[in-house]
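Just so it is clear, none of the values below were taken in a lab; they were calculated from the coordinates. Keep in mind that what you see is a predicted model, and the values were worked out from it rather than measured. Cβ placement follows ideal geometry from the backbone for every residue including glycine, while neighbour counts extend to all protein chains displayed.
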Amino acid sequence: MSSSDPTTSDVRRAVPSPITARAIVLGLILVFVLVVTNPYLAFVVDYWTAGSGAVMNGPIAALFLLVLLNGALKRYLPARAFSRSELLVAYAMAIVCVGLAQAGGLPYIAVTTIYPFYMATPANGWETLVLPHIPVWLQLSDLQYVGWFWEGAPAGAGVPWGAWLRPMVEWGGFTVALMAGLFCLSALVRKDWIERQRLTFPIVDLPLAMTGDDPKPSFGSGLLGNRLLWLGAAIPAAHVISDWLNLIYPSIPTLRLHDIEVGRLFAGGGLPWSAWSDAYVSIIFPVIGISYLVPTQVSLSLWLFYVLFQVHMLVWASFGVPPYGGGAATVQPYAFASFMQIGGALALCGTIVYRSRGALLAAGRSLCSRRGEPPDPYASLSGRWALVGFVLANAFLLWWVLRAGMSWWSFTLVMAVFYAASLSTAYLVTSGGVMFPDYGLGYSDVLLRTLGGRAFKPASLYMLLSLDSIYMLEGFATPVPQMLHSSKLFHTARIRARLFTCAAALAVVVAVGFGLAALLVTIPRHGAGSLDQWPWTWTSWSIYVPMAANLRVPQMPEAWLQAALGIGGSFVLLLVWLQGRFVGWPVSPYGFLIASSYMMNHMMWTSILIGWACAATVLRYGGLRRFRALRPFFLGLVLGYYITKLPITALSAILGVTQRWGSFAY
């Protein structure tokens with residue numbers, strides 16, 4: 001637990017604050033602003049996102065501005081000032097759903113709808129192989145508008161809402177139901193993770209520190225008045241400003257800290273050293289700040305397993321097998337490692353369910369009991385209603401995909417893997433502070449390469465690839481960690497959470513409805529083809545290329561990848577057993593699960609190493625007291641980055657400064 005956490009008995013004795021109508025309205029406004037501005041700022045300016053990863057930069061910056069505004073209200077209109085609970089409720093509503101606008105579904109829904117019709121050619125054969133298996137109700141009603149999205153709409157033309165309405169409503173309904181299922185899943189484990197297992201939830205430290213213990217937060221309350229925090233904030237702020245100035249005036253020097261291609265040193269040497277040609281170094285200040293807060297055995301495992309993964313690649317290469325295979329070799333070391341990670345994630349989910357079995361069984365028993373469960377003011381849903389909601393949400397999802405021609409068993413299989421991986425991801429984030437959890441592999445790839453393409457009929461194949469690409473492929477975008485973060489906020493800040501289910505539902509509807517509308521207004525004005533390839537060409541290799549390939553020549557099951565799943569799962573179970581068997585066991589299984597992922601290579605491992613080194617050194621030579629004293633500095637590394645990007649983004653939009661594939665939009 002963080003040093004500011006109350007004990008469970010303290011929370012139960014406290015009188016919880018209610019969720020007010022004003023807090024819900026504030027949260028809805030915040031969600032609306034973030035999702036409506038995201039298409040322009042994230043995809044055109046390419047400098048800001050509504051939220052991506054475990055730390056949602058949009059809500060963090062918005063909470064900071066609200067605290068500043070609240071200070072002015074507190075001084076001049078004290079009756080109008082917001083309470084701490086109101087600010088945290090608005091923040092919680094935002095983190096639950098604004099990720100949909102960036103990497104959790106909405107951009108991929110839009111491009112999935114138009115991409116195959118625009119890109120179909122006689123060469124790729126999509127017109128005969130792919131298009132007949134796309135349901136009519138997921139297509140534009142008038143295909144002449146397909147080119148508008150990609151090339152840009154004609155001058156003066158409005159959005160053809162009628163053509164887009166049916167597929168957007170259909171996908172929007174699926175998205176809302178999926179979010180409901182994930183919300184119910186998080187509610188089932190909430191109490192156990194927070195009260196019994198007492199997971200650390202390091203990412204929650206920042207919003208709690210920003211609002212402090214003052215009933216009506218202001219700039220001077222909490223850690224915002226701490227000089228050490230602003231000393232830490234100055235470091236990323238200076239780098240963000242120098243990077244931006246260098247973008248405008250290249251003569252102004254800056255220090256490149258992101259995506260340094262150290263692998264170039266090994267690229268021309270041939271095997272085995274060329275196996276390291278894809279290695280990167282990135283110093284990202286928010287990752288350093290969060291890594292300082294997590295238990296050192298977790299941060300150690302995160303960077304250590306990345307190093308071991310690179311050694312693993314080198315060992316394969318020493319036998320003449322490059323990372324992605326080739327030549328006479330049938331084994332692809334990178335794929336082998338990724339499949340081991342997926343197997344490990346499924347095994348970790350098994351241990352999570354086993355550890356939380358008491359809460360899950362209690363929820364099941366409450367369905368058959370008239371008395372129900374003891375009241376819990378900090379639960380947004382009781383276990384009984386969480387189970388009912390989970391079943392109803394998935395019944396709707398099943399009905400939806402059956403209409404699209406997907407078989408019930410293939411849907412059940414992919415959703416089981418998705419829910420299992422979502423729970424494992426939530427565990428990595430809530431107990432390990434992993435900012436960009438990513439397993440490096442799509443779940444559709446796992447199913448196709450272990451079961452074979454012949455197992456799925458064409459309609460099932462299309463839906464399998466589409467669901468994976470839209471909602472599942474970017475593992476760090478799953479909203480389950482954010483839903484659990486909101487529960488931890490209510491528990492620690494003593495907020496009565498019962499109304500939060502309705503508030504979160506309204507927020508999701510606003511995010512989906514206005515987020516899709518903002519995309520259709522913004523992107524055709526510029527043309528997706530003139531913007532960065534991501535995410536607009538995402539569906540080419542994640543849906544339509546593999547679908548066409550499997551329809552031509554179905555993927556055969558690969559026994560060596562089936563073995564990789566089993567090996568990875570067994571190894572994680574061994575690490576879990578060692579961790580529980582020996583006090584002080586220094587390595588957790590977390591790092592193994594994401595060692596080969598893009599995010600670990602490009603975004604995290606170096607910064608986690610720095611954060612771990614700082615925490616281990618302080619604990620070794622300064623003890624726990626010094627560790628806690630330096631906590632504001634490392635929180636400042638997180639806060640300083642995001643609040644500096646906010647005005648820089650506004651200036652970029654005004655001046656027309658854009659960044660392509662840079663380090664700014666995370």
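Note on Lys74, Lys216: ascending count of other Cβ atoms within 10 Å places them as Lys216, Lys74, the fewest first.
Suppose every K and R has +1 on its Cβ and every D and E has -1 on its Cβ; what is the size of the dipole of the chain about the Cα centre, in Debye to the nearest 20? Let's see the in-between values first.
Values: 40 positive and 25 negative charges, 450 e Å.
Around 2160 debye, computed over the chain.
With bins 10 Å wide beginning at 0, the percent of Cα pairs of the range 542-650 falling in each bin runs 10, 21, 29, 19, 15, 5, 0. Remark on Ile284: its backbone amide H falls under 5 Å from those of Ser607, a criterion applied only to residues 5 or more positions apart or on other chains, H modelled at 1.01 Å from N. Express in whole angstrom the spacing between the alpha-carbon centres of the range 98-135 and the range 360-405. Each part's Cα centre sits 33 Å from the other's.
Taking label points 7 Å from Cα along the Cα-to-Cβ direction, Arg581 and Tyr621 give a separation of 3.6 nm.
If you compute percent of Cα pairs over 32 Å apart for the structure shown, which of (i) 50; (ii) 58; (iii) 46 do you land on? Calculated percent of Cα pairs over 32 Å apart: the matching label is (i). Under a 5 Å amide H cut-off, with hydrogens placed 1.01 Å from N, Ile495 pairs with Ser17 among residues at least 5 apart or on other chains. For the range 345-499, the Cβ-based charge dipole about the Cα centre amounts to some 640 debye (Lys, Arg positive; Asp, Glu negative; other atoms uncharged). Dipole of the chain computed with +1 at Lys/Arg Cβ and -1 at Asp/Glu Cβ about the Cα centre; of Tyr145, Cys349, Leu531, farthest Cα towards the positive end is Cys349.
Given the DSSP H assignment, sum -39500 (n - 2.57) over each helix run of at least 4 residues in the chain and divide by its residue total; what's the result at 222 nm in deg cm²/dmol, nearest 500?
Calculated at 222 nm, the ellipticity per residue is -20000 deg cm²/dmol.
Among Arg625, Arg256, sorting on how many other beta-carbon atoms sit within 10 Å of each Cβ, with the fewest leading, yields Arg625, Arg256.
Computed across the range 567-607, the Kirkwood radius stands at 11.4 Å (inverse of mean 1/r, all Cα pairs).
Under 30 Å of direct C-alpha separation, and excluding same-chain neighbours fewer than eight residues apart, Lys488 reaches these lysines: Lys74, Lys191, Lys216, Lys645. Separation of the range 221-256 from the range 289-303 is 24 Å, based on Cα centroids. Taking amide H positions as modeled 1.01 Å from N, with prolines and chain starts lacking one, the residues under 5 Å from Ser52 and 5 or more places away or on another chain are Asn57, Gly58. Dividing the Cα radius of gyration of the range 397-554 by 2.2 N^0.38 Å, with N the residue count, gives 1.21.
Neighbour counts of other C-beta atoms within 10 Å: give me Ser486, Ser338 arranged from fewest to most. Show your work: numbers first, answer last.
Details: Ser486 29, Ser338 23.
With the fewest neighbours first, Ser486, Ser338 line up as Ser338, Ser486.
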